[in-house]
Every structure is written in structure tokens, then in C-alpha cells.
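To keep things clear, I will list the structure first and then write my remarks on it.
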Amino acid sequence: MKKNNVVQTKSFDFALKIIEIYKYLKEEKREFIMSKQLLRSGTSVGANIEEAIGAQTDKDFFMKITISYKEMRETIYWIKLLKFSYYLEKEKADYLLNDADELIRIIGSIQKTLKIKLGISK
């Protein structure tokens, strides 16, 4: 993993945190459905970023980054749902939401730059 690729590093670290939360929810809270959804979407962000890094064209890169953005939005949804249904303590949820917000801003910025480069409207 490159040391200077911020989005790659942060998405990998975020995935590790998601895995830890998943284990906690499964083992301590005995919550299996929402925690599995969180695991899938939260680890998918970094996986799609890795695919984007290996993209063969700018358009392919853009598509994978867009998928990462969508997966991050879904992850935020699951974190909020777990928080407000009291499966995930406020402090843990807010910690994850802060990281998620930072990541979604980075990914969104990459998307905007690529839209301009590729001449994509909206």
C-alpha cells in the first residue's frame, strides 16, 4: 500500500474499524442482520478504491470511485440506524461517523475533479 495515497490508507483503516464494530455487535449485542450489512458496505468502500487504483481508464476509475461513494453513504446509514436503535453506543457511532464523513468528503472531491476532467455533467 502506498504511504502517500490518503484515500487508500484511510479506507483501509476504516474497514478495520468496521470489522471490529461488526465483531462487537455480533458477539456482545447479538445483532446479526444490520451488523452484517454494515460489514459489507463498510469494507466495500476500500475494496472499490483498490479497484479504482487499478483502473485501466479514467472512466473506469470514476465508476469505481462512484461506487465507493455510494457504499460510504450506505455505511453511514447503517451506523446511524445502529446508533438510534441503541445497538451501537453514541460514542462509538460518532467516532465512526466522523471517519466516514472525512472519507466521503475525500471521495466526493475526487469525484468532482474527475467529472470536470471527463466532462461529465451532474
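Condition test on residue 31, is it open to solvent by less than 30 Å² (accessible area, probe 1.4 Å) and not polar (S, T, N, Q)?
Details: open to solvent by less than 30 Å² (accessible area, probe 1.4 Å): yes; not polar (S, T, N, Q): yes.
Judged against the criteria, residue 31 is a match.
Select from the range 7-28 the residues that are open to solvent by 80 Å² or more (accessible area, probe 1.4 Å) and under 19 Å from residue 110 (Cβ atoms) and list them in ascending order. Don't jump to the end; show me each part of the working.
Initial filter on the range 7-28 (open to solvent by 80 Å² or more (accessible area, probe 1.4 Å)): 12, 16, 20, 23, 27-28.
Scanning the range 7-28 gives a single hit, 12.
If you check residue 58 against the conditions, is it charged (D, E, K, R), open to solvent by less than 80 Å² (accessible area, probe 1.4 Å) and at pLDDT below 95? Yes: the conditions hold for residue 58. Would you be able to say whether some residue in the range 74-82 is closer than 21 Å to residue 8 by Cβ, surrounded by fewer than 20 Cβ atoms within 10 Å (Cβ to Cβ) and polar (S, T, N, Q)? There is no residue in the range 74-82 that is closer than 21 Å to residue 8 by Cβ, surrounded by fewer than 20 Cβ atoms within 10 Å (Cβ to Cβ) and polar (S, T, N, Q).
Scanning for something open to solvent by less than 50 Å² (accessible area, probe 1.4 Å) and hydroxyl-bearing (Ser, Thr, Tyr), does the range 88-110 turn up at least one residue? So far as the range 88-110 goes, no, none of its residues is open to solvent by less than 50 Å² (accessible area, probe 1.4 Å) and hydroxyl-bearing (Ser, Thr, Tyr).
The values are calculated or read from the model by the stated rules, or taken from the named source; none is laboratory data. Computed from a prediction, not measured in an experiment: that's the story for all the values here. All Cβ positions, even for glycine, are placed from backbone atoms using ideal geometry, and neighbour counts span all protein chains on display. Surface accessibility is based on the protein's heavy atoms, side chains included, excluding ligands, DNA and RNA. Shrake-Rupley method; radii C 1.70, N 1.55, O 1.52, S 1.80 Å.
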